[in-house]
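Below you'll find the structure, written out as structure tokens, and then a few comments.
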Amino acid sequence: MGILETITAAVLSNVIVLALVGWLGKNLIATRLTNSVKHEFDAKLETLKSELKDKEEAFKADLKAKEVEITSLRSGAMSAMSSRQIAVDKRRLEAVDQLWEAFISLVPAKNIASSMSTINFEVVAKRAVAEEKLRQFFGILLDGYDQDAINASLAEKAHPFVSPMAWAYFLAYRAIVLQLVMKAKMLKSGIDPTDLLDKGVLVKLLKIALPHHSAFIDQGGKDGFYCLLEELEQALLAEMQNMLTDTDAYKKNVAQALEINKLSSTMMDSANQKNLDGPKTASAQD
């Protein structure tokens, strides 16, 4: 082998060795860089996972706390509503007792109304102006009757807690009874009833309270109204029983009840404006 060939072979060997070393070095560096990046990525990924887990735990804890708070608020609200409903139901029961007691206080007035229902008021009123004995008779009829014994204040206390229809039936019943008592007072005092009694209001009142009797009310006349008191009493009893079993009874028939209340109030206001207790004789009318 010649010197040139030997040199060429040595150079080639060195080149190959250098290329191999370069290739190995490049792969080693790439591997190290890859491992370094992977390690750094894995570390950051674990840190991120840990942070996410901590945030998730904090979120769950906060959610749990809010659930406990909401449950507590809901429980408190339900408890308050339950307590309020119990109080309202208790007051409604008391109101039923109060309204019925006020109704019972009308019994003396109803007894007078019963006697008044048997007479022809217009005919007797004309005679009472001149006949003292007739006026005395009605004085005896009214003897012992105490207007103050009618427990109006008790009924007013019950008013906000009873159904509109229960209150309306009570007012209608009371208005009819007290109007008949007022007639007795007129006869006792010898007052000319002209323009003192608004018959139209009473007719409207009864037709609203008992609409199925409208024809009878129109045909029966003012002296036929007493016979409707029993039905009004039964209607009141039925409505009060509904109040004890149906908590929504007070919402029903509001328009009808309001109209009855309005007419009843008109009648009572008219009666309160008349002074019927002062002694009047036939000579006083002249």
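A short reminder: the numbers here are calculations on the coordinates, not readings from a lab. Keep in mind that what you see is a predicted model, and the values were worked out from it rather than measured. Methodologically, a virtual Cβ is constructed for each residue, glycine included, from the backbone with ideal geometry; neighbour enumeration extends over all protein chains shown.
Brief remarks follow.
- Neighbours of GLU51 by Cβ distance under 14 Å: Lys/Arg scored +1, Asp/Glu scored -1, total 0.
- Using a simple spin-label model with pseudo-atoms 7 Å out from Cα toward Cβ, THR34 and ASN111 lie 11.7 nm apart.
- Computed FRET value (nearest 0.05) for CYS227 with ARG91, which takes r as the C-beta separation and R₀ as 45 Å: 0.80
- For the residue pairs LYS110/LYS207; LYS90/LYS204; LYS44/LYS66; LYS133/LYS207; LYS157/LYS204, the alpha carbons lie more than 29 Å apart in LYS90/LYS204; LYS44/LYS66; LYS133/LYS207.
- Amide hydrogen neighbours beyond the local backbone of ASN151, cut-off 5 Å, H modeled: SER105
- Stretched out straight at 0.36 nm per residue, the stretch from LYS64 to ASP146 would grow longer than its current Cα-Cα span by 22.7 nm.
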